[in-house]
Amino acid sequence: MTVAVRTVGIRKRFGDHEVLKGIDLEVSHGEVLCILGPSGSGKSTLLRCINHLEVPDGGYAWVDGQIIGYDLQGDRLHELPVRRLRAQQSQLGMVFQHFNLFAHRTVLGNVIEGPMVVRRLPREAAVKRAMELLDMVGMAEKAGAWPSQLSGGQKQRVAIARALAMEPRVMLFDEPTSALDPELVGEVLEVMRRLAASGTTMIVVTHEIGFAREVADRVVVMIDGEIRESGPAAQVLADPADPRVRSFLGRVLARPSENTTENTQQRG
Amino acid sequence: MTSTPPVPALPPPDLPVRRLRHPGRWIAGALVVLVLGLLLWAFAVGKIRWPIVGEFLTAPVILKGFGWTLLITLCALVLGIVLGFAFGMMRLSANPVLRFASWLYVWVFRGTPVLLQLLIWFNIALIFPRLYIPGLVDMKMVEAVTPFVAAVLGLGVNEGSYLTEVVRGGIGSVDRGQVEAANTLGMTPGQTMRRIVLPQTMRLILPVLGNSAVGMLKFSSLAATIAMTEMLNAAQRIYFINGAVIELLFVCAIWYLAGTTVLSIGQYYLERHFGRSAGGRA
Ligand SMILES: Nc1ncnc2c1ncn2[C@@H]1O[C@H](COP(=O)(O)OP(=O)(O)O)[C@@H](O)[C@H]1O
Ligand SMILES: [Mg+2]
């Protein structure tokens, strides 16, 4: 398989706090990578450095032949002007923990915004594609609803459709189910599971061990800004070498996981 | 065997109910009606010549003055909104020089009385006798800054300093996450501002803009002091001659009330339009 995303020595610090200490990752086309790790270990910061919502202090992300945020000229990286940066960012779909739907747009309006404004699709084409995507996430009937009228799970499914509408090369998920009531987690994971099955390249920060075990091709565990463990899900989850990873996973696995396949089938 | 406790005989569910009376409300209502009636009577028999009020209500001079009042209000409001948005966005800029300029603007124009500002604009020729922009304008300042221009500048620039703070607060209150979502969709800063931030800011600042419009309509009467023949000034010129002071002031009051009423109605519909995404409606 060919490499889709590569992070090369990404470092980031906030003040005195070194949040990312040089992250090297590789994700192949169609691969699903789950990032696990305790809160504050730098998972969100890593995703945000990949799509340049944060500018890394060192290193860079490489996606399908492009260095995100920079232009390589000779032996120097030149910072891209904002328009070209945005063009790159539009190819990295991002799903946020808190959905971040546009509150003044309907469900459909949220999904067609990017295609119409950024890709300059005519409205009819954007709507047609948006309805297909909303259908895919089970939200077609709510196309005319306002975000404030939706449950958290519904909002997140719309947010996924919105990101997909840009036809991104890779989808980044930052704890997409962490802000949801437990009974709504399953419907979002189900959509993500289908995405994974359809061959989408995905990087997923999550605490849903069941999802990682079932869907991830590979799992990495981050602790204190470093990748401490990396490998196939079964191996990392069952037999981590690093003692700190073992203790972290021990704590997470001790929590009852309610969202395995069996009870996500009966969703509303 | 189960032995349920004895149930007392309960009345049937459809008994008539005698509602509580509220004599206090009736008394308070009657008192207020009485006071209003007394006021009406007082004004009816007071020394106001109502026929004169009626006569001047639609007098051409007054109507023309009211036209100027409306025009000053509109122009000053537009200028204030433009300045408010420009300086409000500057205040949130990454550039410290722009932030400082915005702060300075607000500091100066919010820190001095608007009447004083009007007088300074009107007399600006004393500082700058000529208005000279190479290739564009070259004229005497007294000719450029007519009473109308001074009124619009004075009221508009002052209003802009208030709206700067309002716009800054409005933009600041739009969820950062939505801006990031727009960034990841590939929207440029300009597109994000126009399509995501400002529409949501509008919902928050529309009530303030409505109040600004109402306030501006009333403050435009200050232009009477710089020889601008808006409505109040026109009325004064008439009553200096015919002595019908109260009658003409009442004519103005009626027109101002009409204007502010129309503005309030417009504000209601605008707020409803921009508030529609607030939810609750399917
Ligand atoms: N914008 C920021 N400014 C300062 N500190 C930050 C910022 N963003 C994140 N941090 C800090 O960086 C660390 C890692 O945060 P984060 O990447 O959100 O961790 P995680 O997603 O793994 O919980 C935390 O200690 C957090 O407080
Ligand atoms: Mg996080």
Residue match in the stretch A:6-14 (condition: crowded, with 21+ Cβ neighbours inside 10 Å, aromatic (F, W, Y) and either facing another protein chain (nearest Cβ under 9 Å) or within 12 Å of ligand 1 (Cβ to nearest atom) (or both)): no
Helices (runs of 4 or more DSSP H) fully within the stretch B:184-261 counting 2 or more residues that are among the charged types (D, E, K, R) and open to solvent by 20 Å² or more (accessible area, probe 1.4 Å): B:198-219
Breaking point among (1) out of contact with any strand residue (DSSP E or B) (no Cβ under 9 Å at 6 or more places or on another chain); (2) away from ligand 2 (no atom under 16 Å from the Cβ), for A:R11: (1)
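A quick yes/no check of all residues on (1) within 16 Å of ligand 1 (Cβ to nearest atom); (2) part of a helix (DSSP H, G or I); (3) not charged (D, E, K, R):
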| site | (1), (2), (3) |
| --- | --- |
| A:G153 | no, yes, yes |
| A:Q156 | no, yes, yes |
| A:F173 | yes, no, yes |
| A:L180 | no, no, yes |
| A:E190 | no, yes, no |
| A:R194 | no, yes, no |
| A:I203 | yes, no, yes |
| A:G210 | no, yes, yes |
| A:A241 | no, no, yes |
Residues located in the stretch A:127-145, provided they are farther than 15 Å from A:I112 by Cβ and within 12 Å of chain B (Cβ to nearest Cβ): A:E141
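Given the condition assigned to a helix (DSSP H, G or I) and touching a Cys at 6+ places or on another chain (Cβ under 8 Å), answer yes or no: does some residue in the stretch B:133-147 qualify?
Among the residues of the stretch B:133-147, not one is assigned to a helix (DSSP H, G or I) and touching a Cys at 6+ places or on another chain (Cβ under 8 Å), which makes the answer no.
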Criterion violated by A:S44 - all others in (1) small (G, A, S); (2) buried (at least 21 other Cβ atoms within 10 Å of the Cβ); (3) within 14 Å of another protein chain (Cβ to nearest Cβ) satisfied: (2)
Any hit, the stretch B:211-231, residues being within 14 Å of another protein chain (Cβ to nearest Cβ) and either in contact (Cβ under 8 Å) with a residue 24 or more places away in the chain or under 27 Å from B:L155 (Cβ atoms) (or both): no
Failed item, numbered, when A:K128 is tested on (1) modelled with pLDDT of 95 or more; (2) in contact with a helix residue (DSSP H, G or I) (Cβ under 9 Å, 6 or more places away or on another chain): (2)
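Residues checked against (1) open to solvent by 40 Å² or more (accessible area, probe 1.4 Å); (2) within 16 Å of ligand 2 (Cβ to nearest atom); (3) within 13 Å of chain B (Cβ to nearest Cβ):
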site: A:H17; (1), (2), (3): yes, yes, no
site: A:L20; (1), (2), (3): no, yes, no
site: A:I23; (1), (2), (3): no, yes, no
site: A:L36; (1), (2), (3): no, yes, no
site: A:L77; (1), (2), (3): yes, no, no
site: A:M94; (1), (2), (3): no, yes, yes
Exclusive hit being touching a strand residue (DSSP E or B) at 6+ places or on another chain (Cβ under 6 Å) and at positive phi, set A:G59, A:G74, A:G93, A:G69: A:G59
In the stretch A:50-75, the residues that are within 14 Å of chain B (Cβ to nearest Cβ) and touching a Ser or Thr at 6+ places or on another chain (Cβ under 8 Å): A:I50, A:N51, A:L53, A:E54, A:A61
Tabulated pairs, the stretch A:166-194, first among the aromatic types (F, W, Y), second open to solvent by less than 40 Å² (accessible area, probe 1.4 Å) and at pLDDT 95 or above, C-beta under 6 angstrom, 6+ apart or interchain: A:F173/A:V95; A:F173/A:V204
Residue satisfying all of: in the stretch A:196-208; more than 18 Å from A:L36 (Cβ to Cβ) and surrounded by fewer than 20 Cβ atoms within 10 Å (Cβ to Cβ); nearest to ligand 2 (Cβ to nearest atom) among these: A:T200
Top-ranked residue of the stretch A:104-126 - restricted to ones that are open to solvent by 40 Å² or more (accessible area, probe 1.4 Å) and in a helix (DSSP H, G or I), ranked as nearest to the other protein chains (Cβ to nearest Cβ): A:M116
Residue within the stretch B:38-45 that is open to solvent by less than 90 Å² (accessible area, probe 1.4 Å), assigned to a helix (DSSP H, G or I) and not aliphatic (A, V, I, L, M) present: no
Residue tally, condition surrounded by 21 or more Cβ atoms within 10 Å (Cβ to Cβ) and within 17 Å of A:V32 (Cα to Cα), over the stretch A:151-173: 8
Residue list for the stretch B:268-282, restricted to those being at pLDDT below 70, surrounded by 11 or more Cβ atoms within 10 Å (Cβ to Cβ) and of a type in the set (A, V, I, L, M): B:A278
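The values are calculated or read from the model by the stated rules, or taken from the named source; none is laboratory data. Source: prediction; values computed, not measured. As a convention, Cβ positions derive from the backbone with ideal geometry for all residues, glycine included, and neighbour counts pool all protein chains shown. Side chains are part of the model used for accessible areas, which takes the heavy atoms of the whole protein and leaves out ligands, DNA and RNA. Shrake-Rupley method; radii C 1.70, N 1.55, O 1.52, S 1.80 Å.
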